[in-house]
Amino acid sequence: MHIEYKELTPLNMKGATTIVGFPTAGLVGSIAASYLATKLEMKMVGYFTSNKMPPVIAIHEYKPLPPLRVYVSKKHKLVVILSEIVTPISLSNEMAKIISEIATKLKSPLVITLGGISMHQKENAVYGISTSEELVASLEKRNHINRVKEGATTGVAGLLLTPGLMKSPVLALLAETLEEQPDPKAAANVLRVVSKLLKIKIDTTELEEEAEILSRATREAVLQSKKGRSKQHLGQMYG
């Protein structure tokens, strides 16, 4: 085994829903899972290590933290597995297998993966893919998700959808996002679906505020870029 799980506190949460957030398009999975763990005041109970992964330590609220962590909330009966680094392709299968084993040990009734996707169809849309046809049909009927007819989802989250890998149903929630920058708005969109599905109140105000700040910064950068090009053209014409 190339990946080792370091247990800080025993993971005794039978029947807990398992949520997985790994970096995907727009870093949606990582942002959403980390925000969820913070907002619900979840407790870190363990982390993963591997000499095959980048030597990185995350820093949050002045504290150094392993980038691949596990959190629990007894109140909400939730386990969150999140990563702030991209899992190397050579370790993806092993990571998916370990998550599957954890979910089986917990007897999770449902495994939810969070991520982003660029479908370029509907702004603010959240797409759903599942090993349970009944589950996605129900969510679509309630207008919580849009279905994906053709496409692909990759990485650890994608592998968890492999038929037969998990005993419990797996649901991938993918928010429409821009691939080239972190997208807190898409993370807020995906968490709103989680909130409805699990009947847990999740205040996404801070994510929406971050999205607005990022949007303003992007617009300003574009304007400055246009001004720079305009001055350059004037210089060429009159210089």
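Numerical summary
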{"read-out": "Residue among 185, 122, 167, 149 that alone is exposed (fewer than 15 other Cβ atoms within 10 Å of the Cβ) and either under 16 Å from the mean Cα position of the chain (by Cα) or free of Cβ contacts under 8 Å to residues at least 24 places away in the same chain (or both)", "value": "149"}
{"read-out": "Region 125-146 - residue that is polar (S, T, N, Q) and in a strand (DSSP E or B) and, of those, surrounded by the most Cβ atoms within 10 Å (Cβ to Cβ)", "value": "130"}
{"read-out": "Members of region 152-161 found to be in a loop (DSSP other than H, G, I, E, B) and surrounded by 18 or more Cβ atoms within 10 Å (Cβ to Cβ), listed by number", "value": "153, 160, 161"}
{"read-out": "Any hit, region 210-225, residues being at pLDDT 90 or above and among the β-branched types (Val, Ile, Thr)", "value": "no"}
{"read-out": "Residue that is within 23 Å of residue 163 (Cβ to Cβ), among the acidic types (Asp, Glu) and assigned by TED's automatic domain parsing to the domain that holds residue 166, where the choices are 61, 84, 123, 101", "value": "101"}
{"read-out": "Qualifying residues in region 40-90 (those that are more than 18 Å from the chain's Cα centre (by Cα), among the aliphatic types (A, V, I, L, M) and not in a strand (DSSP E or B)) - the one farthest from residue 184 (Cα to Cα)", "value": "53"}
{"read-out": "Restricting region 15-39 to residues that are part of a loop (DSSP other than H, G, I, E, B) and crowded, with 19+ Cβ neighbours inside 10 Å, the residue that is modelled with the lowest pLDDT", "value": "24"}
{"read-out": "Per-region count, region 101-114, residues surrounded by fewer than 24 Cβ atoms within 10 Å (Cβ to Cβ) and closer than 25 Å to residue 189 by Cβ", "value": "2"}
{"read-out": "Residue that is modelled with the lowest pLDDT [pool: residues in region 72-90 that are closer than 14 Å to residue 22 by Cβ and touching a strand residue (DSSP E or B) at 6+ places or on another chain (Cβ under 6 Å)]", "value": "84"}
{"read-out": "Breaking point among (1) at pLDDT 90 or above; (2) part of a strand (DSSP E or B); (3) over 27 Å from residue 199 (Cα atoms), for residue 97", "value": "(2)"}
{"read-out": "Subset of region 100-124 [under 16 Å from residue 72 (Cβ atoms) and outside any loop (DSSP other than H, G, I, E, B)]", "value": "102, 103, 105, 106, 111, 112"}
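The rows are residues; the columns are (1) crowded, with 16+ Cβ neighbours inside 10 Å; (2) touching an Asp or Glu at 6+ places or on another chain (Cβ under 9 Å); (3) in contact (Cβ under 8 Å) with a residue 12 or more places away in the chain.
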{"site": "54", "(1), (2), (3)": "no, no, yes"}
{"site": "59", "(1), (2), (3)": "no, no, no"}
{"site": "64", "(1), (2), (3)": "no, no, no"}
{"site": "69", "(1), (2), (3)": "yes, yes, yes"}
{"site": "83", "(1), (2), (3)": "yes, no, yes"}
{"site": "93", "(1), (2), (3)": "no, no, yes"}
{"site": "99", "(1), (2), (3)": "yes, no, yes"}
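The values are calculated or read from the model by the stated rules, or taken from the named source; none is laboratory data. None of these values were measured; they are calculated from a predicted model. Heads up, the Cβs are rebuilt from the backbone with ideal geometry, glycines too, and the neighbour counts pull from every protein chain shown.
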